[in-house]
Structure formats: C-alpha cells, structure tokens
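The values are calculated or read from the model by the stated rules, or taken from the named source; none is laboratory data. This one's a predicted model, so the numbers in the text were calculated from it and none came from an experiment. Note that each Cβ is placed from the backbone with ideal geometry, even for glycine, and that neighbours are counted across all protein chains shown.
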Amino acid sequence: MRVLHWLTVLCLVMAASLILLRAELEGRALRQWLLEGHRHFGLMVLLLFVLRVSLRLRLRALPPGPPSPLIMRLAAGGTHVAMYALMLALPLIGWSLSNAYGKTVYLFGITLPNLVAADEDLADTLGTWHLNAAWALLALVAVHIVAALVHHLV
C-alpha cells in the first residue's frame with residue numbers, strides 16, 4: 001500500500017505542476033501538451049484510487065497503531081475519507097470538464113467514453129468545481145503532511 005501511496009503522490013504532484021506551468025507559458029502546442037499530461041496524471045490518480053480502494057476492501061483495515069485520543073482518530077479518519085472522495089471526484093470532474101468542452105479524453109491512446117455532452121455552461125460550472133476541489137485537496141494534503149510529521153515526531 002505504501003508504494004501506491006507514493007505513486008498517487010507523484011501523480012498528484014505532476015498533475016498540479018503541469019497545469020500550473022501551463023498557466024505561465026505561451027505557445028498553443030506546448031500548452032496543449034501540458035494539458036494532455038495533466039489529464040493523463042489525473043486519470044492515473046483515478047486508476048490508483050480504484051486499485052487502492054479495491055486492495056483496502058480485499059485486505060481489510062490496516063493493523064491499529066499506537067493508541068491515540070478519539071478526537072485525533074476521528075480527525076484522521078475524516079481527513080482520509082475526504083481525501084479519498086476528492087481523489088475520486090477530481091479526475092471525474094476533470095474528465096467531464098473536457099467532455100463538456102467537446103474534447104475526447106484519451107488515456108494511453110485509448111479513447112474513453114464521454115461522461116457528459118458538450119455544453120459550454122456546464123463546462124464553466126465544472127471548471128469552477130474542478131478548481132475548488134483541487135484547492136480543497138491541496139488543503140487536506142497539507143493537513144495530512146502536518147499530521148504525519150507530528151505523529152512521526154511525537
């Protein structure tokens with residue numbers, strides 16, 4: 001599971017980096033290439049999510065760690081549930097966003113089905129959702145990192 005965790009981190013960092021870099025650059029072909037890379041890494045997050053959840057359901061819960069206060073266990077559990085929900089929602093919203101702009105989505109050369117029809121108003125809404133979900137995931141990742149450091153150091 002640890003390998004899948006770090007592969008997910010890598011894909012999230014790459015997806016975020018590519019889209020942030022795209023915002024700073026000019027050149028249509030380069031910007032399109034960065035967007036395609038962003039899509040691929042985002043869809044890899046979705047695939048890793050499915051794999052991680054499947055393994056978790058198959059292998060059941062991890063062995064309990066050292067005892068911690070109830071509030072910390074609830075906060076950790078809530079943060080993990082929220083991060084997993086966003087790792088599912090964010091790629092699906094992005095995929096739908098591409099479709100709403102009339103774009104076909106590919107993963108490693110495979111044409112993926114359209115989730116929604118082309119619709120400019122829907123694309124605007126999905127773009128806002130995608131951006132807000134990305135910032136929410138970033139905030140939760142920051143909380144997760146701080147909690148992991150505290151847990152490791154205390």
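List of remarks:
- Residue within segment 49-61 that is over 21 Å from ILE145 (Cα atoms) and either surrounded by 15 or more Cβ atoms within 10 Å (Cβ to Cβ) or within 14 Å of the chain's Cα centre (by Cα) (or both) present: yes
- MET87 being within 15 Å of VAL141 (Cα to Cα) and out of contact with any Cys (no Cβ under 6 Å at 6 or more places or on another chain): yes
- Output for segment 99-113, where each listed residue is farther than 20 Å from MET44 by Cβ and surrounded by 15 or more Cβ atoms within 10 Å (Cβ to Cβ): ALA100, TYR101
- Test: residue in segment 30-44 that is on the phi > 0 side of the Ramachandran plot, at pLDDT 95 or above and small (Gly, Ala, Ser): no
- In segment 98-122, the residues that are assigned to a helix (DSSP H, G or I) and touching a Ser or Thr at 6+ places or on another chain (Cβ under 9 Å): SER98, ALA100, LEU122
- Within this structure, LEU47 fails the test of being at pLDDT below 95, farther than 18 Å from LEU140 by Cα and assigned to a helix (DSSP H, G or I).
- PRO64 meets the conditions (1) in a helix (DSSP H, G or I); (2) over 27 Å from HIS38 (Cα atoms) in every case but one. The failed one is (1).
- Subset of segment 19-31 that is surrounded by 10 or more Cβ atoms within 10 Å (Cβ to Cβ) and closer than 21 Å to LEU90 by Cβ - its residue that is nearest to the chain's Cα centre (by Cα): ILE19
- Screening LEU74 against (1) under 12 Å from the mean Cα position of the chain (by Cα); (2) more than 19 Å from SER17 (Cβ to Cβ) leaves a single unmet condition, (1).
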